[in-house]
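A.B. asks: Handing you this structure, nothing more for now.
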Amino acid sequence: MTFVVTENCIKCKFTDCVDVCPVDCFREGPNFLVIDPDECIDCTLCEPECPANAIFAEDELPAEQEMFIQLNAELSKQWPVITEVKSPLPDAEEWNGKTGKIDLLEK
Ligand code: SF4
Ligand code: F3S
């Protein structure tokens, strides 16, 4: 199994998740992070760290977020590894909790 980053990370990118991952499986895009499913060891540590509650176990994903399984798998093969926390995106607090952000995902 793997953990999956979902829609509410888009335009927030708080990066607290990166700090706790023991196997460096987060990958960074312009306004979103993903988890490499081939690297994730299912340790559960990242899920409670995300201020946007954007991380779910694959088998606990809300139905409307299921497309993110494929997106994490695909984008994790294209984006570079991120291993250190950085500042969130400038308007992260305003975007936290907004819906419909999938259309704003930058690849
Ligand atoms: Fe990393 Fe563990 Fe989160 Fe998987 S569950 S992404 S191994 S912190
Ligand atoms: Fe995104 Fe949450 Fe990590 S907003 S960058 S999944 S801490």
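Read the figures in this text as sums done on the coordinates, not as results from a lab. Computed from a predicted model, the values in this text were never measured in an experiment. Ideal geometry is used to build each Cβ from the backbone, glycine not excepted, and the neighbour counts take in all protein chains shown.
A.B. asks: Name the residues in region 35-66 that are touching a residue at least 24 places away in the same chain (Cβ under 8 Å), surrounded by 12 or more Cβ atoms within 10 Å (Cβ to Cβ) and within 18 Å of G97 (Cα to Cα), would you?
C.D. replies: If the condition is that a residue be touching a residue at least 24 places away in the same chain (Cβ under 8 Å), surrounded by 12 or more Cβ atoms within 10 Å (Cβ to Cβ) and within 18 Å of G97 (Cα to Cα), then E47, E49, C50, P51, A52, N53, A54, I55, F56, L61, Q65 are the ones that fit.
A.B. asks: While we're looking at this one, here's another question. Taking D38 and the conditions (1) assigned to a loop (DSSP other than H, G, I, E, B); (2) in contact with a Phe, Trp or Tyr (Cβ under 9 Å, 6 or more places away or on another chain); (3) more than 12 Å from ligand 2 (Cβ to nearest atom), which numbered condition does it fall short on, given that it satisfies the others?
C.D. replies: Unmet for D38, out of (1) assigned to a loop (DSSP other than H, G, I, E, B); (2) in contact with a Phe, Trp or Tyr (Cβ under 9 Å, 6 or more places away or on another chain); (3) more than 12 Å from ligand 2 (Cβ to nearest atom): (2).
A.B. asks: If you don't mind, there's one more thing I want to ask. Is one or more of the residues making up region 44-52 away from ligand 2 (no atom under 13 Å from the Cβ) and small (G, A, S)?
C.D. replies: Checked against the condition, which is being away from ligand 2 (no atom under 13 Å from the Cβ) and small (G, A, S), region 44-52 yields no hits at all.
A.B. asks: Still on this model: Which ones in region 19-40 are of a type in the set (D, E) and either near ligand 1 (Cβ under 9 Å from one of its atoms) or over 12 Å from the mean Cα position of the chain (by Cα) (or both)? Steps first, answer last, please.
C.D. replies: Step one: list which residues in region 19-40 are of a type in the set (D, E), which gives 19, 24, 28, 36, 38-39.
Listed by number, the residues that qualify are D19, D24, D36, D38, E39.
A.B. asks: Could you look through region 1-18, keep only residues that are part of a loop (DSSP other than H, G, I, E, B) and of a type outside the set (F, W, Y), and pick out the one that is farthest from the chain's Cα centre (by Cα)?
C.D. replies: Here the answer is M1.
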